[in-house]
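Throughout, read-outs are computed from the coordinates displayed, never taken from laboratory work. Keep in mind the model is a prediction, meaning the values are calculated, not measured. Cβ coordinates were reconstructed from backbone atoms using ideal geometry, including for glycine residues, and neighbour counts include every protein chain displayed.
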Amino acid sequence: MANPLSFVFDPVAAERDRVPQRYRFLGGQRWWTTPLAIGAALLVAGLVMTLADVPRLLFAYLIGWTFCLSISLGALFFVMIHHITKARWSTTIRRIPEALVASFPLLAIAGLPVLFGMHDLYHWTHAELYDPASPYYDSIIAGKKLYLNTPFFIVRYVLYFAAWTWLGSRLWSISVRNDARPDAENTLRLRKISAYGIPLAAVTTAFASFDYLMSTDPHWFSTMFGVYFWAGGWLGALCLITFLALLLKKAGMLPEVTVEHTQDMGKYMFAFVVFWTYVAFSQYMLYWYANLPEEIVWFHKRSEGGWGIVAASLLIFNFILPFLLLLPRVTKRVAPALATMAVWLLVMHWVDLWWIAMPSMHVAAEASHAALAAGGGDLLASLQAVVPPAEAVHEAVEGPAGMSLHVVQPHLPLVEMAIWLGLFGLYVGVALARLGRHAVTPYSDPYFAESLRFENV
């Protein structure tokens with residue numbers, strides 16, 4: 001009987017000793033023990049610093065967890081699109097995203113605190129919001145009860161991770177086993193899995209973004225939010241894949257990955273900097289143009305006070321500067337410059353998720369039963385202030401139609417960053433440990449030789 005723990009970490013038995021020296025992971029245990037140790041230390045430090053402020057701890061954890069989840073989802077799409085388009089150029093670099101997509105079982109376990117902390121994270125879990133006799137009855141949220149309810153949320157959680165784990169484990173297992181036992185049929189199987197995997201992953205990713213992030217502010221909704229989340233995750237995955245490829249190459253591994261391959265990854269990064277901005281602007285523009293009070297509250301809270309500064313920083317540091325720096329060819333062909341841009345954009349991806357989730361913290365806090373409705377409860381009339389956390393500051397902002405919005409203002413996010421880097425360190429450490437058990441590149445793939453000859457035109 002297979003060991004369940006081995007399935008969670010790596011469903012394929014280690015074959016490192018049978019891998020030719022040229023394709024073997026040569027970094028040693030310190031490559032994964034170091035990020036694991038640093039990640040564990042930072043995570044514990046962040047948890048200790050926020051034990052007295054459970055809502056802030058849970059929101060920080062949610063942001064860090066969705067950051068890692070979004071990268072694995074981006075890597076999943078990278079691998080599947082590679083197969084469905086019969087791409088040759090990226091074959092030498094493909095093992096890195098494959099190692100990331102095998103992380104879904106561990107991410108499912110890591111997400112359990114989100115399930116246990118739903119009452120603090122998601123305002124819609126408060127039963128009194130659905131009781132017409134309660135002074136806290138909210139007709140808007142009550143109208144979404146068929147979807148926004150705890151049992152169905154947990155069912156969706158299980159279904160999402162079942163789908164992602166199935167896709168990720170199959171893509172990883174077939175590719176890795178093909179190294180020692182090459183068979184052209186494996187390439188066809190990977191292509192078939194990708195053909196149905198792409199629409200399946202697209203639907204589940206969109207609904208997961210609605211559940212884990214958008215529903216922290218349950219009055220607001222956006223049909224573009226799933227694409228917005230996907231674009232950020234795809235960009236984050238591209239950055240991590242590129243950084244790890246450059247790191248391995250610098251350490252004497254992955255000689256098959258040339259400057260031609262990393263330049264193409266730089267092109268991808270540039271393209272999705274633009275695409276993320278396009279989706280973000282399109283979503284904002286539609287709400288700004290409609291100017292309906294119940295729809296613009298979400299943006300209003302994130303464009304006033306300190307959050308307005310964060311929004312401006314996203315425009316400058318997640319679009320304008322990366323656009324200008326990644327545009328020249330030389331940036332994409334100089335390893336230190338491209339690695340710096342990859343790290344920079346990973347940080348900005350976290351800032352983006354922080355900006356999305358953190359202003360909603362007061363809505364989900366235990367003391368915040370404040371969604372009193374005006375005009376028969378169809379529009380949110382007031383969001384009353386709650387007792388602020390020790391480090392957070394609430395600021396009343398006059399919103400549209402007289403709405404008084406008490407928003408948790410941004411503060412130096414040392415705790416949030418500690419928890420994020422802690423989770424990310426564990427995530428990267430486990431992925432590297434998994435990669436170290438096998439070849440670092442799919443050397444038996446039928447397109448491998450063509451990938452070696454790839455050149456940018």
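Computed quantities for the displayed model
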{"item": "Backbone N within segment 25-47 under 20 Å of label point (7 Å from LEU414 Cα along the Cβ vector)", "result": "38-47"}
{"item": "Cα-based convex hull, segment 50-452, per residue volume (Å³, whole number)", "result": "131"}
{"item": "Simple spin-label estimate for VAL158 and LYS145 in nanometres, 7 Å along Cα-Cβ", "result": "2.3"}
{"item": "Cα-based Rg / Dmax (Å) for segment 188-319", "result": "18.4, 57"}
{"item": "For the chain, calculated [θ]222 nm from helices alone, where every DSSP H run of n ≥ 4 adds -39500 (n - 2.57)", "result": "-20500 deg cm²/dmol"}
{"item": "Which of SER222, SER173, SER90, SER209 has the fewest Cβ neighbours within 10 Å, and the rest in rising order", "result": "SER173, SER222, SER90, SER209"}
{"item": "Average Cα contact separation per residue, the chain, under 8 Å, 6 or more apart, as relative contact order %", "result": "33"}
{"item": "Cβ-derived FRET efficiency at R0 30 Å, VAL203 paired with ALA312, nearest 0.05", "result": "0.35"}
{"item": "Test item: Cα-centred dipole of segment 133-181, Lys/Arg +1 and Asp/Glu -1 on Cβ, debye", "result": "200"}
{"item": "Under the span-like rule (Cα at least 15 Å along the axis, Kyte-Doolittle mean at least -1.0), DSSP H helices of the chain", "result": "30-49, 54-84, 150-180, 184-212, 225-250, 259-290, 305-315, 335-357, 414-435"}
